[in-house]
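What follows is a single structure, written as structure tokens, with notes after it.
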There are 2 protein chains.
Amino acid sequence: MSETTVVADPRGETRLRIERAALDLFTSEGFDEVTTDAVADAAGISRRTFFRYFATKADAVWGDFTAHVNRLEVLLAAAGDHQPVLTSICRAYVEVNDYATDDLPMLRQRLRLIFTEPALQAHSQVRYAAVDRAVADHVARRTGASAGALVPRLVATSTRAAATTAFEVWLADGRLPLAWALHDAFDELAAGFPSLRPARPAVR
Amino acid sequence: MSETTVVADPRGETRLRIERAALDLFTSEGFDEVTTDAVADAAGISRRTFFRYFATKADAVWGDFTAHVNRLEVLLAAAGDHQPVLTSICRAYVEVNDYATDDLPMLRQRLRLIFTEPALQAHSQVRYAAVDRAVADHVARRTGASAGALVPRLVATSTRAAATTAFEVWLADGRLPLAWALHDAFDELAAGFPSLRPARPAVR
DNA sequence: ACGCTAGTGACACCGAGTGCCACCGGCAAG
DNA sequence: CTTGCCGGTGGCACTCGGTGTCACTAGCGT
């Protein structure tokens, strides 16, 4: 958050070292089996210092997520009003998750942990809440409704559900690009799940 | 879960006593400010015994949630194939949450805590995952797809998003019945969010 | 040489959760 | 009545995540 981006960036460097150590240890041993002492040792720092970089053991898995949310907010705010709301959200999601191919392995590692380990899965809800708030604000701005009303909230949570589901499928499959998975999920959602009615004209 | 419903039910009785003590203390003092020692004291038991009834401090807030999920599964399995998939899910959600008016205050208390306290919010994701699995299985059964495919997962997570959003709105408002809020959310979701396009024919 | 500051490590502390053992109640068999 | 079993319980010690405090060091300007 501070302007600590001078030259050698000694702070960001050790932060990254901790992150990698944590990711590797959690992946090989399991999140619960690794103590913060072990992570600190592997990163060459003390346990106390670990908690100066990450407020929580779980936080080491979620790189700089607040920056992620901030970028999403900027993208949503910059989206023009000429496109449908859902489209603007989808595009923002796609763009904010447009990683360089070199970063994909680490992203996979993060997501695999988050989706697999119950403790991290639990932690994720708090992170998602920040995303939902951003999207709900965007929808409220576009529709004139209150951000606490049903539709903005619902759009926020269900688009986020679409995004995380796309991530899961992308992670499990490994073939299709992430952007495609996101578009598939959003298309399905925006059209009211057309693949649920194969040839049934909804009797009643 | 067990058949512990004999006559006096001494076990279920103390369990309920713990639950009430926890709910009241958490509501008045805040979840993080109340120690398990305090809850145990208020319930007239020892800390060790508290953890024999609830695996986690947070679990005391979620009554018997596995029974809730089981009922949902039964309702989904019993739903006929004549109605659209989303309708069957909506009806199951409405029916499984059809509480007696006497139970509503306690339900509100639970939900307010769950939605408000970050620690409980985090815990909720693990509970929701069980619900999602049940719904995804139902969708997979109805559509013939794999339960791990995109559409069943997406339907599960977004319908659950609709349900929780409905709960939040119901909790905040207090006027409209829970069933109405659920129907509103599901209608919006099933129709692809019609209230997002007031008079705009989606230019491209 | 002086002080200031940022980053760090050591230590003590709290609270959630767990394993272990000892205790006490009832209850059936002898 | 005594013996032994058994489910529920309490006490205790321990691990581990997380926090507050303090002392130490390295750099850096004066």
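The values are calculated or read from the model by the stated rules, or taken from the named source; none is laboratory data. Small disclaimer: the values here were computed from a predicted structure and weren't measured. Neighbour counts are summed over all protein chains in view; Cβ atoms, including those assigned to glycine, are modelled from backbone coordinates with ideal geometry.
Remarks
- Of residues in the stretch B:34-65 being over 22 Å from the mean Cα position of the chain (by Cα) and β-branched (Val, Ile, Thr), the one farthest from DNA strand C (Cβ to nearest atom): B:ILE45
- Qualifying residue in the stretch B:22-30 (condition: acidic (Asp, Glu), within 15 Å of DNA strand C (Cβ to nearest atom), touching a Gly at 6+ places or on another chain (Cβ under 9 Å) and not in a loop (DSSP other than H, G, I, E, B)): no
- Some residue of the stretch A:134-144 being exposed (fewer than 15 other Cβ atoms within 10 Å of the Cβ) and either over 19 Å from B:ASP187 (Cα atoms) or out of contact with any Lys or Arg (no Cβ under 8 Å at 6 or more places or on another chain) (or both): yes
- Of all residues in the stretch B:114-133 being surrounded by 18 or more Cβ atoms within 10 Å (Cβ to Cβ), within 18 Å of B:ALA166 (Cβ to Cβ) and hydrophobic (A, V, I, L, M, F, W, C), the one that is farthest from the other protein chains (Cβ to nearest Cβ): B:VAL131
- One residue from A:THR14, A:THR36 being within 14 Å of DNA strand D (Cβ to nearest atom) and not small (Gly, Ala, Ser): A:THR36
- Verdict on A:THR157 being within 22 Å of A:LEU75 (Cβ to Cβ), at the interface with chain B (Cβ under 10 Å from one of its Cβ atoms) and more than 11 Å from the chain's Cα centre (by Cα): yes
- Residue match in the stretch B:76-93 (condition: in contact with a helix residue (DSSP H, G or I) (Cβ under 7 Å, 6 or more places away or on another chain), surrounded by 15 or more Cβ atoms within 10 Å (Cβ to Cβ), part of a loop (DSSP other than H, G, I, E, B) and not assigned by TED's automatic domain parsing to the domain that holds B:ALA181): no
- In the set (1) over 16 Å from the mean Cα position of the chain (by Cα); (2) more than 16 Å from DNA strand C (Cβ to nearest atom); (3) within 14 Å of another protein chain (Cβ to nearest Cβ), the condition left unmet by A:ALA78 is number (3).
- Checking each residue of the stretch A:96-106 against the condition of being modelled with pLDDT of 95 or more, buried (at least 17 other Cβ atoms within 10 Å of the Cβ), farther than 21 Å from B:ARG197 by Cβ and not basic (Lys, Arg) gives at least one match.
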